[in-house]
1. Only one of these conditions is not met by residue 148: (1) open to solvent by 70 Å² or more (accessible area, probe 1.4 Å); (2) at pLDDT below 95; (3) farther than 13 Å from residue 11 by Cα; (4) in a loop (DSSP other than H, G, I, E, B). Which number is it?
2. Scan 167, 143, 133 and give me the residue that is surrounded by fewer than 14 Cβ atoms within 10 Å (Cβ to Cβ), over 16 Å from the mean Cα position of the chain (by Cα) and modelled with pLDDT of 95 or more.
3. Please go through segment 98-121 and give me each residue that is open to solvent by 30 Å² or more (accessible area, probe 1.4 Å) and closer than 16 Å to residue 76 by Cα, ordered by number.
4. Among the numbered criteria (1) at pLDDT below 95; (2) in contact with a strand residue (DSSP E or B) (Cβ under 8 Å, 6 or more places away or on another chain), which single criterion is violated by residue 60?
5. Return only the number of the condition from (1) surrounded by fewer than 16 Cβ atoms within 10 Å (Cβ to Cβ); (2) touching a Phe, Trp or Tyr at 6+ places or on another chain (Cβ under 9 Å); (3) closer than 19 Å to residue 148 by Cα that residue 77 does not satisfy.
6. Sort through 6, 13, 2 and tell me the only one that's surrounded by fewer than 19 Cβ atoms within 10 Å (Cβ to Cβ), among the polar types (S, T, N, Q) and at pLDDT 95 or above.
7. Which residues, taken from segment 128-154, are hydrophobic (A, V, I, L, M, F, W, C) and in contact (Cβ under 8 Å) with a residue 40 or more places away in the chain?
8. Can you name every residue in segment 10-48 that is among the hydrophobic types (A, V, I, L, M, F, W, C) and in contact with a helix residue (DSSP H, G or I) (Cβ under 6 Å, 6 or more places away or on another chain)?
Amino acid sequence: MSRPISLIVIHCSASANGRQLGSRTQSATAVIDGWHAQRGFQRQRAARAAFNPDLAAIGYHFVLDTDGSKHTGRAMAEVGAHVQGFNSQSIGICLVGTSRFTRAQWDALHSLVKALKAQYPAARVVGHRDLSPDKDGDGTVEPAEWLKTCPGFNVADWLQAGMKPLPANLQA
């Protein structure tokens, strides 16, 4: 089963910058799955049985940990739970951290977004915060209108920079 994808949405985990979320005993997706379960998220039984059955609640399709490792959450054909009102038409990518990301994460994000854009060429790449409502109706979602600050950097600036790490958001 496939679904139309018009958005690739970049998020952050709101965890410590530069600190790996996964460990020898638990992947980054498993940690986030626990957080999402606590918030009441649930995956449908059939989707869970078909892909990543140990992840009961994760809302993202991909998680990029600080070492640049890419972990899958939901299957791409599965509707995510990462940006209310846009889940049915989007793919969700979560960077571990808040506002500063390792070079390995930036490289992994570049590679993943490039691959997703090849598969979904018409999809727009945005940050979660970019999908906040334009409360004043001026055609621009300003910081005062953001429902969340996620992903902690301006995705449009990153795209304009050729998907290269943004210096102010590079974890040393």
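The values are calculated or read from the model by the stated rules, or taken from the named source; none is laboratory data. Only a predicted model underlies this, so the values are computations on that prediction, with no experimental measurement involved. Note that we place each Cβ from the backbone using ideal geometry, even for glycine, and neighbour counts take in every protein chain shown. Side chains are part of the model used for accessible areas, which takes the heavy atoms of the whole protein and leaves out ligands, DNA and RNA. Shrake-Rupley method; radii C 1.70, N 1.55, O 1.52, S 1.80 Å.
1. Going through the list (1) open to solvent by 70 Å² or more (accessible area, probe 1.4 Å); (2) at pLDDT below 95; (3) farther than 13 Å from residue 11 by Cα; (4) in a loop (DSSP other than H, G, I, E, B), residue 148 breaks only (3).
2. 167
3. Residues satisfying the conditions are 114, 115, 117, 118, 119, 120, 121.
4. The failed condition is (1).
5. (3)
6. Values: 13 fails: surrounded by fewer than 19 Cβ atoms within 10 Å (Cβ to Cβ); 2 fails: at pLDDT 95 or above.
Exactly one residue qualifies, and that residue is 6.
7. Hits for segment 128-154 are 131, 150, 153.
8. 10, 21, listed by residue number.
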